[in-house]
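Working notes, beginning with the structure itself.
The values are calculated or read from the model by the stated rules, or taken from the named source; none is laboratory data. Values in this document were obtained by computation on a predicted structure and should not be read as measured data. Don't worry about glycine lacking a Cβ; one is built from the backbone with ideal geometry, like all the others, and counts go over all protein chains shown.
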Amino acid sequence: MYSMKILAIAPDKLPLPPIKGGSVEAVMDNIFTRMARTEQVTLVSCTHPKLPASSAAAGKKPAYVRFPYPSGTKYIDAVMAKLAKQKFDIVQIDNRPAFLPAIRKAFPKTPIILSLHSLHFLSQLSSKRGNEVLQHANGVTCVVSALADTFKAKYPAHAAKFKPILLGVDTAKFKPQSKAYKAKIRKKYGVADSYNLLFVGRIIPRKGLHTLVKAAAELRKDNPKVTIVAVGASWPGVKKETPYIRKVRLLAKELNVPIHFTGYISPDKVHEVYHLADIFVCPTEFKEGFACVNSEAMASGIPLVASARGGILEVVKHESSGLLVKAYKKPSAFAEAMARIMKDAALAAKLAKGGRARVVKHFSWNGTVKNLKAYYRSKM
């Protein structure tokens, strides 16, 4: 079987490789560095001072092309102006449905795949505009079935185009660790002697850190060692403290809840922070896509409590690989779930073991790549 020539275009905000983080960029990196072992892959992203404007494919690695435009039409127009004359078997655009018309104009006969990681960007468009841009896509992959089902219902004329292809986890990187390793990491971050509730993600209102603070306050009535470790920033790489972060700090102070903000952690270090956790908590209010933080925590062997929202329901199985909270805006509901784990060592061990087993069985990057390659070939 011949090697496909694939052009994959990242959103217009962060570079590839994901040296500044970003969930979409991390997913693309995991998929296309693996796909480049058998296919000819060109990855497009924005520029960064630490990265060259372009680099040729080396061995079984992707080629990279980067553009100095921060956002919007200038970015995609520059990409198309440079690459339109090249021949590709497949063009994929991630999470930017509004770019489809420009891509179709540049590649009138090439199969174009839109890859959606969340509800956000297609939902931003009116139904009329959504139908218009979807005409230019030969297929639409979604990171979970819930996403595909939502858009099938909203865009029935294009329902056949939506295909769920679930993401993976690097189980060699995210894995259980020894007590000695955990003790070392906890000491490094200054949380060695506390019972740690770990939050990982963007620190913005819809991710629900404020709910976790209120839940932790309830738990501290019985266990004063309860502490929150919040890993992340308002946006990857941003150090500025936003009004929301200040609000969470003030709330934690008012409720007498210790909270440690680590700030942004680079992708090459993030695997270690999961081992700060006694419990990993995802209190999101948003209808998430795949929500990689949950599968990473599961792969790391950490007992988990998460909102029963969106794609999380496909990743975490209640009572076997984590505890799901239906009343995701109620701190007391999270407190109740976390208290179960805190008071029952056997349950904590069961969830940790079950989470790891589920990830190993169902969520491998090699499986994702295999499914995506088959999907590409079906569109050629």
Kindly indicate whether Asn366 is under 24 Å from Ala146 (Cα atoms), without any contact (Cβ under 8 Å) to a residue 60 or more places away in the chain and not in a strand (DSSP E or B). no
Positions within the range 47-88 being among the small types (Gly, Ala, Ser) and either within 24 Å of the chain's Cα centre (by Cα) or farther than 17 Å from Phe99 by Cα (or both), in sequence order: Ala53, Ser54, Ser55, Ala56, Ala57, Ala58, Gly59, Ala63, Ser71, Gly72
For Ile341, are the conditions met, namely being in the same structural domain as Asn196 (by TED's automatic domain parsing) and in contact with an Asp or Glu (Cβ under 6 Å, 6 or more places away or on another chain)? no
Please note which helices (runs of 4 or more DSSP H) are completely contained in the range 231-314 and include at least 1 residues that are over 13 Å from Phe199 (Cα atoms) and touching a His at 6+ places or on another chain (Cβ under 7 Å). 243-254
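Any chance the range 87-96 includes a residue that's surrounded by fewer than 16 Cβ atoms within 10 Å (Cβ to Cβ), charged (D, E, K, R) and more than 30 Å from Glu314 (Cβ to Cβ)? Even if it seems obvious, please write down each step before you answer.
Quick first cut of the range 87-96, residues surrounded by fewer than 16 Cβ atoms within 10 Å (Cβ to Cβ) only: 87.
If we keep only those that are charged (D, E, K, R) too, we end up with 87.
Applying the additional criterion that residues be more than 30 Å from Glu314 (Cβ to Cβ) yields 87.
Yes, there is a match, as at least one residue in the range 87-96 is surrounded by fewer than 16 Cβ atoms within 10 Å (Cβ to Cβ), charged (D, E, K, R) and more than 30 Å from Glu314 (Cβ to Cβ).
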Which one of these does Gly208 not meet: (1) under 17 Å from the mean Cα position of the chain (by Cα); (2) exposed (fewer than 15 other Cβ atoms within 10 Å of the Cβ); (3) touching a residue at least 40 places away in the same chain (Cβ under 8 Å)? (2)
Restricting attention to the range 156-177, report how many residues are outside any helix (DSSP H, G or I), touching a strand residue (DSSP E or B) at 6+ places or on another chain (Cβ under 8 Å) and touching a residue at least 24 places away in the same chain (Cβ under 8 Å). 5
For Lys329, indicate whether it is assigned by TED's automatic domain parsing to the domain that holds Val143 and of a type outside the set (A, V, I, L, M). no
Can you spot a residue in the range 312-322 that is over 18 Å from the mean Cα position of the chain (by Cα) and closer than 29 Å to Ser123 by Cα? yes
Out of (1) over 20 Å from Lys182 (Cβ atoms); (2) buried (at least 20 other Cβ atoms within 10 Å of the Cβ); (3) of a type outside the set (Lys, Arg), the odd one out for Leu255 is which? (2)
